[in-house]
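The values are calculated or read from the model by the stated rules, or taken from the named source; none is laboratory data. The structure displayed is predicted, hence computed values, not measured ones. Cβ: placed from backbone, ideal geometry, glycine included. Neighbour counts: every protein chain shown. When the accessible area is computed, the model is the full protein with side chains, heavy atoms only, and any ligands, DNA or RNA have been set aside. Shrake-Rupley method; radii C 1.70, N 1.55, O 1.52, S 1.80 Å.
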Amino acid sequence: MVGHAMDQATLRVTPLENFPPPAQWDDWTEYDAAAWPNKVQKNYALVPTICFNCEAACGLVAYVDKSNGVIRKVEGNPYHPGSRGRNCAKGPATINQVHDPDRVLYPMKRVGPRGSTQFERVSWDSVLDDLGSRIRKAILEGRLGEVMYHVGRPGHDGYIERVLQAWGVDGHNSHTNVCSAAARLGYVLWSGHDRPSPDYENAKFTLLISSHLETGHYFNPHAQRIIDGKMKGGKLAVCDIRLSNTASMSDYWLAPRPGTEALMLLGIAHVLLHEDLADWKFLEDWVDWRAYQRAFRRPADFATFRADLKYDYAAVTPDKVAAECGLDQAMLVEVAREIGKAGSAFASHVWRNSASGNEGGWQVARCLQFVSVLVGAVGALGGTNPAGANKFVPAPFSKPSPQQYWSELLYPREWPLAHHELSFLLPHLLKSGRGRVDTYFTRVYNPVWTNPDGAMWIEALGDESLVGCHAVLSPVWNETARWADYVLPMGVATERHDLMSQETHAATWIGFRQPVHRVLAERQGRKVEWTWETNPGEVWEEDEFWIALSWRIDPDGSLGIRKHFESPYRPGERVTIEEYYRWIFENSVPGLPQAAAAEGQTPLEYMRRHGCFLVQDKIYRTHESEVPSTQLQGGERDEDEGVVRVGGKVAGVLVDGKPRVGFPTQSRRLEIYSQTMADWGWPEYATPVYIPSHVDEQNLDRDAGEMVLVSTFRLPTLIHTRSANSKWLSELSNTNPVWIHPTDATRIGVRNGDLVRVTTGNGHYVNAAWVTEGVRPGLVACSHHLGRWKVEGDQHAVNRWQLHDVDFQRLGDGRYLIRRTAGVRPFESSDKDSTKVWWSSGGVHQNFTFPVQPDPVSGMHCWHQKVTVTRAEPGDRYGDVFVDTRKSMAIFEEWLAKARPAGPHSPGGLRRPPHFKRVCRPTEDAFGFGFVPPATKGALPPA
Ligand code: SF4
C-alpha cells in the first residue's frame, strides 16, 4: 500500500482522541495544568518535530505559548506512524534540554592550553573562516584522510555522508563499533541487510536477545508493539543475564552464562531440525544450500542437504547445550518448540547485549537469524523483515562522486570484515604512529566518557601533533569538550532540521525534525537566513553549518565542492535548508506530493505541518517480488542452480518458476555458508557456529575470584551524555550500582550498599553493591550511562543536574586517578527546581576502566570485562576511577594480534570485500592495496 492521502487519514484514527488535530495546531487553547485548581487558559501554537534522544526518531509536538513564544511542553505526536504518540520519558524531557540553565549557547574558542578549559566567545563567522581555511588547505595538499567527522548520535539519514563526499575526504567515523557493528555483521552475512525489523505486533512468539522493551534499542516503537503482540496472545522470551524490565514482562526468562548465547540458539536449531519443525519449503526456495553442500564437497541436492544439516547440528543437543549455557533444559526445549509452533510468525531481535559484549558476538546474530530462517520467518507476517524493507531514505538533489582515498585510521587492514570504522581505536592508532588528524569534529559525541579507554582519548586529544584542531559540535558541555579547540553549540530536537526513517515495524515512513521557533517565525512571515537567529543564544544546526562551511572551503567553486551546496532552484546561489528539504519532498518521496495536494499544500508545507509521512504500509515478503523483465535482458536461466544470471551475476532466483529479487547477497539467496568468510581468512566461521567468548568460563580463574562484568545495558530513562542536561531524567536515574547475586555478595562479604572495587585489565572503579537475585550468579552488571564528571574549577564544565567535581590526578607513567571532591547538589539558576536537587550521586564512570577489546572479525568492541570484585580497600572512595594506560596499550596489542589482516594477498588484492557496504564508500580503485590517490601520485608512497 503506497502512501496517499487516505492512508495518512487512516493514521489519524487513534485512541488518543483528546490530542489536538493538526488543523488546529496554529491556535490551540487548553487549561494550564500548572495553574490548577484555577482554570487558566493557555493559547498555543503546535509544531511537530522528531525526538533526538535516541535512534528511534519518535514523533513529538512542541507547544509554544503564543503570549511569549516560550516552548511550554513537548508531547508525543499521535499521528507519527512509528511512535503513534507513545514516547518514553526521554521524549517529553526534551523540554528540560531546551530550558537547561547550563547549556552552551554561543560558539567558543580555546584561548589557553588545550585541556585548560579556557575559552572565549567568538562569532560563527570566525569559526567558519578558520575551519574552512584549514580544511581547504588539507584538501589542496591531498591530505584527504586528515579531515575527520566522528558522530555519536546521528539523528539524520545520509546528510553528512553527502557533505564529506563533496569535500572528497575519507573522513566519516561513527560510534557503531561500540554499539551495533557485531550484530550487523551477523545479519549481513545472511541477507545483505545489516539489521532486523521484527513484526512484533503480529508475532506468535518473540525472542529478544537483549532487554529491548525498556532499556534497549528503539525501545518505544518496539516496546509498544511487543506489548501489542502479547495482548493478541503472542508469547515472549527474553534472553538476558539480568531480570530486566523486559524479562520481567516475559513468558520465558533465559539467563545463560554470558557468551554462550549463540550456543543456546544452536540448541534451539537442533530441536527445530530434529523434531522436524523447520520450514523445508522455505529453505529449499530461499537458502543457498547448494553453496553449503559444495563447500563441504557434498552432493548439491536438497534431500541430501536436509539430512546433512541435521547431521551438522546433531551434536548441539539440548542436554549438552543446557549444561554448557547453564540453562534449564526443559525450558530450552519448550522455547524451541514454541518457536517451531509459531513458524513464520516468529519475531526476533539482537542488537547490543551479547552481540556487543563478547568476542565472536557477531555469531549471536548469525545464529539467531539461523533460527528465523529455519522456521521461514523472514519477511513474513509476524516474522522479521530485513531492515532495508522498512527504511526509506529519499535522495537529495545532488550526489557527489565517491572520494578517491582510503583512510587506514578508519578501516585498518587488520579488520577487513569490520562492519564499521574502528572508531574506538582512534587514539591507539594515532599513538601507534599510524597517522594524524588535522581537523577533527566530534558531533554529539563524548568519546572521553562514552568510549572504553577514555584516558587514551585524553592523551591523543591532548597532543596537538596528533590532532591539529578539534571542534566539538554538541548541544551540551561534555568531558571531551575539555580537550577541544572549539565548542560549537548545536540544537536539541526543537532547534534543528533532520530527516529520519527507522525500521520500527512492517512499513516505511519519514519523520521531519524542525526548528520550532524558526517555523513559527516563518509562519508569521519573518525572513530567517540561518536557524541560529531564532534559536536560544546562537545555537545552530549542523545542516546549515555544513552548507556554510562548504562555501568557505570552496568560495569560488574551483574545487568542485560548492556546486553541491548551490540551490537546485536558484543556480549559482547558496542552497537554503528549506530548499534542500523542499527538493526532497517534491521529488523523492512517493505519494507525498499527492497527499499534500489533497490538503491544498505543497509537500514542504505538508511536512512542516505534520512532521511525518507514511510512505508504505504493511510491507512483507519483498524478496518474493518478481524481477522486472527489463533487468533480465540478455540473461541466462540456470534451472539447476535455480537462478537467472545477467553478465555472469545472479540477477534473480527462480522460485515457483519465476525470477524473484531475493536478497542483496551475491547469490541473492540467504547465505547459510559465507564464501566471503572463507575467502577472507575465517573459513571456520563460514556457517552459523558458536565461538567461545573472551569471558567464557574456561577463560576465568574462579579460584582467583574472577567474574564477568556485563555493562551492555542502560537504565531506561537515560540517554548517554545528554541525560545530564535534563532535570527530570537526572532525578529519575542517578545511580548505577553494581548488580551482584546474594551468593557472590556473601562470598565477597558485602551487603547491599557496601562499596566494592571492580578491577579490570587496566584499572578499577569503586561503586556501591546492589545485592539482588535478578542477576545470574557468578557475574556482576552495571549500567554504563552514568558517572559524569568535571575537573574542579573548570570553566564552562557544567550540567549540574548530574556532574560531580573531581580531582583529576596524573600519577605519572600513564596512570590516572579520578576522585570526586563534591557530589551533585542544589544550585542557584534560572530554573527554580535547581535549588531542590535532593540526590547527591550521579553514578560512577566505569567505561574509563575498560581496555579496548576489538573483535578479530567484526571489529566490535567486546564490552564484557573479565574482572575481580572485592570489598573496597582502605582509602577507596565511592566513585574512584583508576586507570593505567600502559596496560591499555598492551591489551590493545594483544587483541590486535588476534586479527587476520588483509593485504596484497587478499582476494583481488583488496582491503575489503567489494560487496560489503562501507559508510562513505570510496571509489572501487581505492579498495586496492596498490591504489595511489590521484592528488598525491608520485609524491607519496601508496598507503
Ligand atoms: S524511544 Fe524515547 S528517546 Fe527514543 S526517540 Fe522515542 S521518545 Fe525519544
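Below are the figures for this structure:
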{"item": "Verdict on G511 being open to solvent by less than 10 Å² (accessible area, probe 1.4 Å) and touching a Gly at 6+ places or on another chain (Cβ under 7 Å)", "result": "yes"}
{"item": "Hits in the range 493-543 (condition: assigned to a helix (DSSP H, G or I), under 21 Å from H610 (Cα atoms) and of a type in the set (D, E, K, R))", "result": "R518, E522, R523, D543"}
{"item": "Any hit, the range 387-406, residues being open to solvent by 10 Å² or more (accessible area, probe 1.4 Å), of a type outside the set (A, V, I, L, M, F, W, C), out of contact with any His (no Cβ under 9 Å at 6 or more places or on another chain) and more than 23 Å from Y159 (Cβ to Cβ)", "result": "no"}
{"item": "Criterion (within 20 Å of the chain's Cα centre (by Cα), surrounded by fewer than 24 Cβ atoms within 10 Å (Cβ to Cβ) and modelled with pLDDT under 95) met by exactly one of R162, R153", "result": "R153"}
{"item": "First in the range 163-187 and within 30 Å of S354 (Cβ to Cβ), second anywhere and among the basic types (K, R) and open to solvent by 10 Å² or more (accessible area, probe 1.4 Å), Cβ under 7 Å, 6 or more apart", "result": "C179/R352; S180/R352; R184/R195; Y187/R195"}
{"item": "In the range 251-265, residue surrounded by the most Cβ atoms within 10 Å (Cβ to Cβ) [restricted to those that are more than 25 Å from K310 (Cα to Cα) and touching a residue at least 40 places away in the same chain (Cβ under 8 Å)]", "result": "P258"}
{"item": "Residues of the range 780-802 satisfying the condition of being open to solvent by less than 10 Å² (accessible area, probe 1.4 Å), at pLDDT 90 or above and of a type outside the set (F, W, Y)", "result": "V780, A781, C782, S783, L786, G787, R788, Q802"}
{"item": "Matching residues, the range 570-594, being in a loop (DSSP other than H, G, I, E, B) and either modelled with pLDDT under 95 or within 15 Å of R608 (Cβ to Cβ) (or both)", "result": "T576, V589"}
{"item": "Looking only at the range 110-126, and only at residues there that are under 19 Å from E479 (Cβ atoms) and assigned to a strand (DSSP E or B), the one that is least open to solvent (accessible area, probe 1.4 Å)", "result": "F119"}
{"item": "Lone qualifier among G192, G171, G186, G132 - being open to solvent by less than 20 Å² (accessible area, probe 1.4 Å), within 30 Å of T534 (Cα to Cα) and modelled with pLDDT of 95 or more", "result": "G132"}
{"item": "Breaking point among (1) within 16 Å of the ligand (Cβ to nearest atom); (2) over 24 Å from L732 (Cβ atoms); (3) in a helix (DSSP H, G or I), for N177", "result": "(1)"}
{"item": "Qualifying residue in the range 310-321 (condition: farther than 19 Å from Y690 by Cβ and either modelled with pLDDT of 95 or more or open to solvent by less than 20 Å² (accessible area, probe 1.4 Å) (or both))", "result": "no"}
{"item": "Of all residues in the range 758-779 being β-branched (V, I, T) and within 27 Å of C239 (Cβ to Cβ), the one that is most open to solvent (accessible area, probe 1.4 Å)", "result": "V771"}
{"item": "The range 63-75, subset free of Cβ contacts under 8 Å to residues at least 24 places away in the same chain and not in a strand (DSSP E or B), residue surrounded by the most Cβ atoms within 10 Å (Cβ to Cβ)", "result": "V70"}
{"item": "Complete set of residues in the range 818-837 that are more than 16 Å from S733 (Cα to Cα), open to solvent by less than 30 Å² (accessible area, probe 1.4 Å) and part of a loop (DSSP other than H, G, I, E, B)", "result": "F827, D831"}
{"item": "Considering residues of the range 76-89 that are near the ligand (Cβ under 10 Å from one of its atoms), at pLDDT 95 or above and buried (at least 23 other Cβ atoms within 10 Å of the Cβ) only, the residue farthest from the chain's Cα centre (by Cα)", "result": "H80"}
{"item": "Given (1) open to solvent by 40 Å² or more (accessible area, probe 1.4 Å); (2) free of Cβ contacts under 8 Å to residues at least 12 places away in the same chain; (3) not β-branched (V, I, T), index of the condition A596 fails", "result": "(1)"}
{"item": "Residue list for the range 330-377, restricted to those being on the phi < 0 side of the Ramachandran plot, within 23 Å of the chain's Cα centre (by Cα) and open to solvent by 10 Å² or more (accessible area, probe 1.4 Å)", "result": "R352, E359, Q369"}
{"item": "Test set (1) modelled with pLDDT of 95 or more; (2) at negative phi - G642 fails condition number", "result": "(2)"}
{"item": "Within the range 90-113, considering residues that are β-branched (V, I, T) and within 16 Å of the ligand (Cβ to nearest atom), the one nearest to D794 (Cα to Cα)", "result": "V98"}
{"item": "Only one of I241, I268, I227, I209 that is open to solvent by 20 Å² or more (accessible area, probe 1.4 Å) and either β-branched (V, I, T) or within 16 Å of the ligand (Cβ to nearest atom) (or both)", "result": "I227"}
{"item": "Subset tally (residues that are within 16 Å of the ligand (Cβ to nearest atom) and open to solvent by less than 30 Å² (accessible area, probe 1.4 Å)) for the range 23-62", "result": "14"}
